[in-house]
1. Take the residues in region 39-54 that are open to solvent by less than 60 Å² (accessible area, probe 1.4 Å) and not polar (S, T, N, Q), then tell me which one is nearest to the chain's Cα centre (by Cα).
2. Being within 24 Å of Ile25 (Cα to Cα), modelled with pLDDT of 95 or more, hydrophobic (A, V, I, L, M, F, W, C) and in contact with a strand residue (DSSP E or B) (Cβ under 9 Å, 6 or more places away or on another chain) is the requirement here; does Val115 meet it?
3. Name the residues in region 179-201 that are open to solvent by 70 Å² or more (accessible area, probe 1.4 Å), more than 25 Å from Tyr30 (Cα to Cα) and polar (S, T, N, Q), would you?
4. Of the numbered conditions (1) open to solvent by less than 10 Å² (accessible area, probe 1.4 Å); (2) more than 22 Å from Asp142 (Cβ to Cβ), Thr218 satisfies every one except a single condition; which is it?
5. Among the residues of region 2-38 satisfying the criterion of being acidic (Asp, Glu) and assigned to a helix (DSSP H, G or I), which is most open to solvent (accessible area, probe 1.4 Å)?
6. So which pairs qualify, if the first residue must be in region 46-66 and without any contact (Cβ under 8 Å) to a residue 40 or more places away in the chain, the second must be outside any helix (DSSP H, G or I) and open to solvent by 60 Å² or more (accessible area, probe 1.4 Å), the Cβ gap must be under 8 Å, and the two must be at least 6 apart or on different chains?
Amino acid sequence: FTDFKVADDFLTSVKAEIKVEDEWIATNSYGKFKINWTIAERDSWFDFAGSYVEYKSQLSTDVGRRAFVQDLLRNYQKIDLTKYKGILIFGPYSSTISGGMEFGGSYFSTPKGNVQGVSFTYGRSSLNLDHNIGHTIFAFEDLYLISALHSGATNSSDPEKWDIMGGGSNFVGWHRWINGWLDDSQVSCVGTGVKDSVFYLTALDKNDDGTKLISAITGQLATMAEYRYDPGRSRGGVIIYSLDPSIEYGSGPMRSDDTMLQAGQKLTRNGITYEVLAADAGGVYVKVSKA
């Protein structure tokens, strides 16, 4: 925009961030998934004759943002966007402005045909790549509470604290499993009628054949455990989280807390008790008991 321009080094910063993302996706997928990027050079960007102030009202609503993105793509001739699984549209950085929206399930028309898997971010949200990759390529939902976000709340806005789609830095084991990065043999389930079982978990990010996820099913509710080490929290342990598919998007279908169980500690969630019996250099022993 005429009053909201990108810095001279914006393209350089995008390319540098993509290198970080390649390492991030390699860790999360155990080297099974690689993104083939196409980065629009400067002559293929969107430039507006008008100012950001003129569009600010439109960009303040979901309907307005959707219409804005559709207007961008409808006559865009510079790249055939139908060739791509995900489309990430970035605006300039800002320390005071933030906005955007993901449209993972929506179709947009372009001169070459319809496209799907689009995200649009600018300001403080610009280049939120790993989170938006979750939307545009894998069609994952946000795991924070929409109502809390709109009210300005922070402490309760991320009911899934450990996943990149909520408040975390990586994908949880569940997302890795449904993406096919974890084999079924690496997921242990507590069967119906089983009162308690002991499992050996290896660290989620460690690329080995060990068990990475424990799931206990009660009705339609899945309660899961995995062994994590998160550098951002400078600690490791077993985390517990649950998935309830009856809870709609934006209302917290996946829930956890900040607890990381250490050896000798236990936690009960949804009638399932997880107890870390012991830990060694390779992983942890976890006892799972049903009420």
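The values are calculated or read from the model by the stated rules, or taken from the named source; none is laboratory data. Please read all numbers here as calculations on a predicted model, not as lab measurements. With ideal geometry, Cβ positions are generated from the backbone for all residues, glycine too; neighbour counts draw on all protein chains shown. Please note that ligands, DNA and RNA were not included when accessible areas were found on the heavy atoms of the full protein model with its side chains. Shrake-Rupley method; radii C 1.70, N 1.55, O 1.52, S 1.80 Å.
1. In this case the residue turns out to be Ile39.
2. Against the criterion (within 24 Å of Ile25 (Cα to Cα), modelled with pLDDT of 95 or more, hydrophobic (A, V, I, L, M, F, W, C) and in contact with a strand residue (DSSP E or B) (Cβ under 9 Å, 6 or more places away or on another chain)), Val115 qualifies.
3. Thr192
4. It is condition (1) that Thr218 fails.
5. Glu23
6. Gly64/Ser57
Listed here are the residues, each with its yes/no results for (1) surrounded by fewer than 18 Cβ atoms within 10 Å (Cβ to Cβ); (2) in contact with a Pro (Cβ under 8 Å, 6 or more places away or on another chain).
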{"position": "Tyr241", "(1), (2)": "no, no"}
{"position": "Asp244", "(1), (2)": "yes, yes"}
{"position": "Arg255", "(1), (2)": "no, yes"}
{"position": "Ala263", "(1), (2)": "yes, no"}
{"position": "Lys266", "(1), (2)": "yes, no"}
{"position": "Ala278", "(1), (2)": "yes, no"}
{"position": "Gly282", "(1), (2)": "yes, no"}
{"position": "Tyr285", "(1), (2)": "yes, no"}
{"position": "Val288", "(1), (2)": "no, no"}
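Here is a yes/no grid of residues against (1) part of a strand (DSSP E or B); (2) open to solvent by less than 30 Å² (accessible area, probe 1.4 Å); (3) at pLDDT below 95; (4) touching a helix residue (DSSP H, G or I) at 6+ places or on another chain (Cβ under 9 Å):
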| site | (1), (2), (3), (4) |
| --- | --- |
| Gly64 | no, yes, no, yes |
| Val69 | no, yes, no, no |
| Leu73 | no, yes, no, yes |
| Gln77 | no, no, yes, no |
| Thr82 | no, no, no, no |
| Lys85 | no, no, yes, yes |
| Ser95 | no, no, yes, no |
| Glu102 | yes, no, yes, yes |
| Gly105 | yes, no, yes, no |
